[in-house]
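The values are calculated or read from the model by the stated rules, or taken from the named source; none is laboratory data. Keep in mind that what you see is a predicted model, and the values were worked out from it rather than measured. Here the Cβ is made from the backbone with ideal geometry for all residues, glycine too, and neighbour counts use every protein chain on show. Surface areas here come from the heavy atoms of the whole protein model, side chains and all, with no ligands, DNA or RNA. Shrake-Rupley method; radii C 1.70, N 1.55, O 1.52, S 1.80 Å.
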Amino acid sequence: MLPMLPMLPWRNMLIGAALLGAFAVVGTGMVTLTHELTEHRIEENERDALLANFHAVISPESHDNELHTDRIEVRDELLGKGVVDVYRARLGDVPTAVLMTPSAPDGYSGAIRLLVAINHDGTLSGVRVLKHRETPGLGDKIEAQRSDWILGFAGLSLGNPETRGWAVKKDGGDFDQFTGATITPRAVVGAVPRALLYYRQHREALFVTPAIVEVDEDDHEPWHGDDHE
């Protein structure tokens, strides 16, 4: 008959459980503390990056409001799929520009997220690419860091060029395409005038719609563009 193993005393089991519980509490507290200490810094870094993008397409002197908080959300087929952020620039109480984040859905490797800045009079202040998955060395020439092509939109409007000019030269328009990559610039050139058209149709409502106060997506619904017509 095999000898019986001694049973672990209940006291030792309770001590072990208490130690495990203490380690869990301490570990959770450290994670929470670290999150609280870094959350504010992360938010500041994100805000600084956002403002850097904004001030690449509009002058800091063109507004005196907090751009990142004067924001609404819209949804319209002209701006691509999904919710689009719209930031409003104001000098005093006078609207000066909007910055929209539409997408060109027909990029070579998927949607291209843009930042389109439009002056109050409907002229383009500037265009930049926020996100894309285009082919490195070809399609990525839409980035301002790699080519000055994207800078050519500044100052243009729906009437300048005429409608037929809003296309790449291969399609009879005014815009250069890239060697070996026509689809990418074609997508961007198509998306920009659609954003301008949306702005023309909804300019007044874009500026008077109350800014979003709560960032939580469950607390508000995107404006679809026809509530203030």
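Some values worked out for this structure:
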{"quantity": "Expected-Rg normalisation [2.2 N^0.38 Å, Cα atoms] applied to the stretch 97-198", "calculated": "0.97"}
{"quantity": "Accessible solvent surface per residue of the stretch 70-229, calculated while the other protein chains remain in place, 1.4 angstrom probe, Å²", "calculated": "51"}
{"quantity": "Inter-probe distance in nm under a simple model that places probes 7 Å from Cα toward Cβ, at Asp174 and Lys131", "calculated": "3.1"}
{"quantity": "Charge context of Gly110, other residues only, Cβ under 13 angstrom, K/R +1, D/E -1", "calculated": "+2"}
{"quantity": "Cut-off 11 Å between beta-carbons: net charge of the residues surrounding Gly165, Lys and Arg +1, Asp and Glu -1", "calculated": "-1"}
{"quantity": "The stretch 133-183-the stretch 82-114 distance, computed between alpha-carbon centres (Å)", "calculated": "18"}
{"quantity": "Accessible area of Ile112 in the full protein assembly, 1.4 Å probe (Å², nearest 10)", "calculated": "0"}
{"quantity": "FRET efficiency, 1/(1 + (r/R0)^6) with R0 35 Å, evaluated for Asp106 and Val208 via beta carbons", "calculated": "0.60"}
{"quantity": "Local net charge near Ile142, Cβ-Cβ under 14 Å (Lys/Arg +1, Asp/Glu -1)", "calculated": "+1"}
